[in-house]
Amino acid sequence: MGFTTVVRDRKKINATPIEEKSRSDLEDFSAADISVHLCKEKSSRDEWNFPSRGVAVIFLRSVSLLLLLAGCSSEPHVRAADRLLERLGRDIQDEFSLRFIGSGGSMPETIDELELLFSSGREGTVDEARAVQRLAAQKIVEAINRDEEARPYLKQFPFPPDNLSISISYPRSGPIALAFKKGNEIFYYRTNPESGRLECFFSETNL
């Protein structure tokens with residue numbers, strides 16, 4: 001089992017056709033990886049290949065659903081990670097007034113990487129997104145290292161902060177539409193007012 005993803009509100013997911021991947025293709029694969037790849041391949045002024053932020057959110061959820069259907073597992077390290085991610089997602093949702101929409105990670109034999117996805121009802125700004133990303137990441141990593149059930153399955157202990165990904169979408173019109181942490185960087189997206197597409201306009205080291 002290389003990747004596990006849990007998606008909330010499955011009935012609301014748009015059933016957009018996505019190319020089917022084999023289980024081996026799904027190892028070490030996440031929705032955020034797609035965004036990082038696109039952001040790094042294009043210049044900071046190029047557009048992200050989605051017609052709107054709403055479609056981007058649907059895309060992330062659809063990918064997560066595909067991975068869920070392709071990789072259900074009863075392996076103990078995956079079950080431990082699922083329970084941990086569900087609890088962490090609810091905690092961060094309540095503390096930062098976000099909506100927890102999904103989780104996953106890379107778990108071929110051990111818990112290598114973890115990922116949580118959220119949506120915000122507020123207008124996003126770089127300053128707010130940066131503050132939430134950094135504080136949430138700190139709290140999540142601390143909680144992971146305290147979790148006695150998941151600890152024996154961690155590939156590295158303490159769990160490296162760079163192995164945690166956090167995605168926050170901002171569906172309301174505002175300066176940014178999406179912010180996510182991947183590795184030691186935070187990437188910011190906005191909607192191009194002319195094309196209506198998302199574009200990666202800024203990234204920074206997550207100090």
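The values are calculated or read from the model by the stated rules, or taken from the named source; none is laboratory data. Everything numeric in this text was worked out from a predicted model, so none of it was measured. Reconstructed Cβ throughout: ideal geometry from the backbone, glycine too, with neighbour counts over all protein chains shown.
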Residue set ILE144, ILE186, ILE168, ILE176; condition among the β-branched types (Val, Ile, Thr) and either farther than 30 Å from THR110 by Cβ or surrounded by fewer than 16 Cβ atoms within 10 Å (Cβ to Cβ) (or both); output residue ILE176
Among the residues of the range 86-99, is there at least one that is assigned to a strand (DSSP E or B) and either over 25 Å from SER173 (Cα atoms) or without any contact (Cβ under 8 Å) to a residue 40 or more places away in the chain (or both)? yes
For the range 144-153, does any single residue satisfy the condition of being in contact (Cβ under 8 Å) with a residue 12 or more places away in the chain, more than 15 Å from LEU85 (Cβ to Cβ) and among the hydrophobic types (A, V, I, L, M, F, W, C)? no
Has the range 190-199 got any residue that is touching a strand residue (DSSP E or B) at 6+ places or on another chain (Cβ under 7 Å) and within 25 Å of ARG90 (Cβ to Cβ)? no
Return yes when ALA137 is in a helix (DSSP H, G or I) and modelled with pLDDT of 95 or more and no when it is not. yes
Given the conditions (1) at pLDDT below 95; (2) touching a strand residue (DSSP E or B) at 6+ places or on another chain (Cβ under 8 Å); (3) acidic (Asp, Glu), report the number of the one that ASP112 does not fulfil. (1)
Looking at the range 153-207, what strands (runs of 3 or more DSSP E) fall wholly within it and have at least 3 residues that are of a type outside the set (A, V, I, L, M, F, W, C)? 164-169, 185-191, 198-205
